[in-house]
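See structure below.
The values are calculated or read from the model by the stated rules, or taken from the named source; none is laboratory data. Remember, predicted model here, so these are calculated numbers, not experimental data. FYI the Cβ positions are ideal-geometry reconstructions off the backbone, even for glycines, and counts take in every protein chain you see.
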Amino acid sequence: MSITDNIKEVLNTIPETVKLIAVSKFHSNEDILEAYNAGQRVFGESKAQELKTKQEELPKDIEWHFIGHLQTNKIKYISSYISLIHSVDSFKLLSNIDKEAKKVNRVIPCLLQLHVAEEDTKFGFTFDEVYKLIEAGQYKELVNIKLVGIMGMASNTDDLIQVQREFKELHNSFLKLKKDFFSGDECFKEISMGMSHDYSIAIQEGSTMVRVGSKIFGDRVY
Ligand SMILES: *Cc1c(COP(=O)(O)O)cnc(C)c1O
């Protein structure tokens, strides 16, 4: 199967209302261009420097999303063009994104990353942490970022009931935040969840954006 066929297959299994982020990390410009020529315009990367190089070399109408752990000193590599940062996991990071966005005169949309999986290696806030952060309201002073929703990953397990439970937990967290803090804010609407092996379950549980890598591009060579 080619990248073109894979994209078509994935698109056939997701509703039009769900956005497909083609996760191209560790894949070549050539592979990305094949997906681009198949019509895909939204790509996700997890390393700021790798993304910077790709952004400079690839077509300018690509919508780039950042999905990995972002270090404060690397924000400047992506601030001028990034469409959405999925992986905000501290107030400090949010406030530094705001600072860099100001320098390039932009408002950068951001998702707050929630940790629901069992593995403790994954970054992200607990629900209580995120709730307190928003309740405190300090983020409202950051006028060069815009909170548009949440992101999360389920545990890497074959236990589909557990995966489903974790996606439900993410959806419920979103609904609670929406109700308590963003009921009048129509921009706060995204739930980024679901990867190659679990995106169908994520969509059943209310995902609005799926981040699919290996199912499109094949295995990554690190
Ligand atoms: C790599 C990555 C993905 C894509 O994973 P696949 O299993 O290849 O689909 C999705 N989300 C995040 C945060 C990632 O780092």
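Taking the stretch 65-109 as the range and being free of Cβ contacts under 8 Å to residues at least 24 places away in the same chain and in contact with an Asp or Glu (Cβ under 7 Å, 6 or more places away or on another chain) as the test, only 66 passes.
Listed by position, the strands (runs of 3 or more DSSP E) inside the stretch 111-222 whose residues that are among the hydroxyl-bearing types (Ser, Thr, Tyr) number at least 1 are 190-192. Counting the residues of the stretch 79-119 that are within 16 Å of the ligand (Cβ to nearest atom), more than 22 Å from residue 188 (Cβ to Cβ) and of a type in the set (A, V, I, L, M, F, W, C) gives 1. Each residue in the stretch 91-125 was checked for being out of contact with any Phe, Trp or Tyr (no Cβ under 8 Å at 6 or more places or on another chain), under 24 Å from residue 164 (Cα atoms) and modelled with pLDDT of 95 or more, and 2 of them qualify.
Taken over the stretch 110-124, the criterion of being without any contact (Cβ under 8 Å) to a residue 60 or more places away in the chain, under 27 Å from residue 80 (Cβ atoms) and not polar (S, T, N, Q) is satisfied by 110, 112, 123, 124.
The sole residue among 207, 192 that is under 26 Å from residue 76 (Cβ atoms), touching a strand residue (DSSP E or B) at 6+ places or on another chain (Cβ under 6 Å) and within 16 Å of the ligand (Cβ to nearest atom) is 192.
Residues are listed down the side, and each one gets a yes or a no for (1) under 26 Å from residue 92 (Cα atoms); (2) more than 19 Å from the chain's Cα centre (by Cα); (3) of a type in the set (A, V, I, L, M, F, W, C):
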site: 138; (1), (2), (3): yes, yes, no
site: 165; (1), (2), (3): no, yes, no
site: 170; (1), (2), (3): yes, no, yes
site: 175; (1), (2), (3): yes, no, yes
site: 187; (1), (2), (3): yes, no, yes
site: 196; (1), (2), (3): no, no, no
